1. When the Karplus curve 6.51 cos²θ - 1.76 cosθ + 1.60 is applied with θ = phi - 60°, which whole-Hz ³J(HN,Hα) does each residue of the stretch A:88-97 get, with x for Gly and Pro?
2. Return P(r) of chain B (all Cα-Cα pairs; 10 Å bins starting at 0; whole %; ordered from short to long distances).
3. With label points built 7 Å along Cα→Cβ from the Cα atoms of A:VAL55 and A:TYR68, find their separation and express it in nm.
4. What are the residues whose amide H is under 5 Å from the amide H of A:LEU247, where those residues sit 5 or more places off or on another chain and H is modelled from the backbone?
5. Taking a probe of 1.4 Å and counting only protein heavy atoms, give the total accessible area buried between chains B and A in Å², rounded to the nearest 100.
6. Which aspartates and glutamates have a Cα less than 20 Å from the Cα of B:LYS224, not counting those fewer than 8 places away in the same chain?
7. Can you give me the C-alpha center-to-center distance between the stretch A:62-81 and the stretch B:186-261, rounded to a whole angstrom?
8. Summing Lys, Arg as +1 and Asp, Glu as -1, what charge do residues with Cβ under 15 Å from the Cβ of A:ARG212 carry, A:ARG212 excluded?
Amino acid sequence: MTAAIEMVDVLEEPKAIEGRSPFSLALRRLRKDKVAMISLAVIVLIVLMAILAPVFAAVTGHPPNEQYRDLGLTPDGLPRGPNGTFWLGTDDLGRDVLVRIAYGARISLLVGVIATAITVVIGVVLGLAAGFLGGITDTILARLIDVVLSVPFLLVAIALVSVTGPSLTVTVLVIGCFSWASVARIVRGQVLSLREREFVEAARSLGAGDRRIMFVDVLPNVIAPVIVYTTLLIPVVIVTQATLSFLGLGLPPPTPDWGGMISESQNYYTTAWWFILFPGLALLVTTLAFNLFGDGVRDAFDPRADRT
Amino acid sequence: MAMFLIRRIGHGILVLWLISVAVFALFFVAPSNVAQTLAGRQGTPETIALIKHRLGLDLPVWQQYLHFLGNAVKGDLGYDYYHQVPVTHIIGQALPITVSLALGAAVLWLALGVFNGVISATHPRSLADRGLTLFALFFYSFPSFLLGLLLLYFLYFRLTLSGFGWFPAGGYSPLAGGIGPWFQHLLLPWIALALLLAATYTRLTRGSMLDVLGEDYIRTARSKGIRESRVVVVHGLRSALTPVVTQFGIDLGQLIGGVVVTETVFSLPGLGQTAVTAINQQDLPVIIGIVLFASAAVVVANILVDIGYAVLDPRVRLH
């Protein structure tokens, strides 16, 4: 009996070679990419900092918007450098830079993730519709994509925010409503060739409707470029949000966010280096980590990048 | 080719028209208090009504739009609300600054991007390749305002403090005032812009160069005993540059309305900064004028890119 079982085990050995989907292959490549993995670790740290922002406030004992006019400012009313009480120094109003950076991470990540999600959903749905349905739908959507891609995005974003007044919702919507076009264009291009393939014909002959074919059969085939684009879009969105804040169109004060902090620090960069350095560093490290990670994701999904 | 051009130009005009409708609608839906601002604190309702009438703000929105459109077709974009200066004149004054900024930066980022891309592609996966990719991504990750402030800190503030007043804190000096001051005022903004954009070009050049260097005709060229540098530059780079040229056209078109931040940081009164000022003052004709002009730049650049593509690559047929 035992021998028989052992026999079976031996016979089943070759089964260890399993079929791997392109997705799991890409994931394997990504896991071997040291730079991408380090970047991912940095991203996780930043996310932790955002989640644990209240802990920063509790440990230092400084709420993010508390102004320490005596303790946090020099007798001349200038920001104080890093010291035992304020680890990364204070800003022009005597607030704790470290705690504000931690809270600022929440805004950057929140906008980065939500605006990117909106962008990708709109872009994928409209790109799918344009590429798959064709005809008048495609004509209208393709024109719409052209319009959005031709508009000077930052100018119109500034104009929109100045009309509606700055808020988190407006920032997210403005970014989402203007960035979807590039996603839609990528998806549309892919779908245009996919819809001529046999598996679409097969699905149709089995009685599947347009919507089912679009989302169940075609969509999985465009997921790879969308994933790559999404990871590279997050840092762009974070920078855009910071840019709007820097131009005074971010979140209304005193909400801490990185672009706004850098903007406030402009008049002090000759006297208080920490005030601009640390928020700037936080922003740079975040975008760099996302870009390096996105770069790794792109290489991992690139069929030409076989590293044998 | 002619049919292609006509269709593309038709599309372009359609796109611009849609943008004009959208921008117009946006600002007329929003509450406007321009007349109030112009009338000042002591403005009586009569004065405000008179100002509104003079600016045409008392007409229904669609009439205002038709009026605007009728003039725009003739190349007249209206007058600014505050000083009654023609918008075309305002654009004409700001444009040379933005163009100087964009073109100068373009020279730098093309040189940097293509050079680094070729080095990366000829030594794939080497230390130089990794280093250059990291260098490019590092600056690509920089928010433009942060990079601008950093350059100002080190190359203006620190340097001037050490007695080397090579760079001004910002502002613009027209070419007419001598090429030296013009260059001096623009060098930092050029560097700031070029470092940001070079990354895209490094990646593009590297990718397409790697593809091209794997082609048969490159092997043929090598086997004929042609020097490696000649193979790379003359045979390889020439065909590898097509996507770079495409991207270059698109970027240049977008920069006309897209250098808002760089212009703000370096106090350059170009199109971007003019538009931001106009937005803050709700100076509608100027905003619409600049947005339309910048969009037109993108549309024209895209058409030129398509034509350039056909010229560069004989396999492409336009139809």
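The values are calculated or read from the model by the stated rules, or taken from the named source; none is laboratory data. Just so you know, these numbers come straight off a predicted model, no measurement behind them. Positions of Cβ are generated from backbone atoms using ideal geometry, with glycine treated the same way; all protein chains shown enter the neighbour counts. Accessible surface is based on the protein model in full, side chains and every heavy atom, while ligands, DNA and RNA are left aside. Shrake-Rupley method; radii C 1.70, N 1.55, O 1.52, S 1.80 Å.
1. 10, x, 10, 9, 5, 9, x, 9, 6, 5
2. 5, 20, 25, 23, 16, 7, 3, 1, 0
3. Placing both labels 7 Å along Cα→Cβ, they lie 2.1 nm apart.
4. none
5. Numbers: alone 17780 and 16530 Å², together 30830 Å².
Chains B and A together bury roughly 3500 Å² of accessible area.
6. Qualifying aspartates and glutamates at Cα under 20 Å: B:GLU215, B:ASP216.
7. Their Cα centres are 50 Å away from one another.
8. Here the charged neighbours net out to 0.
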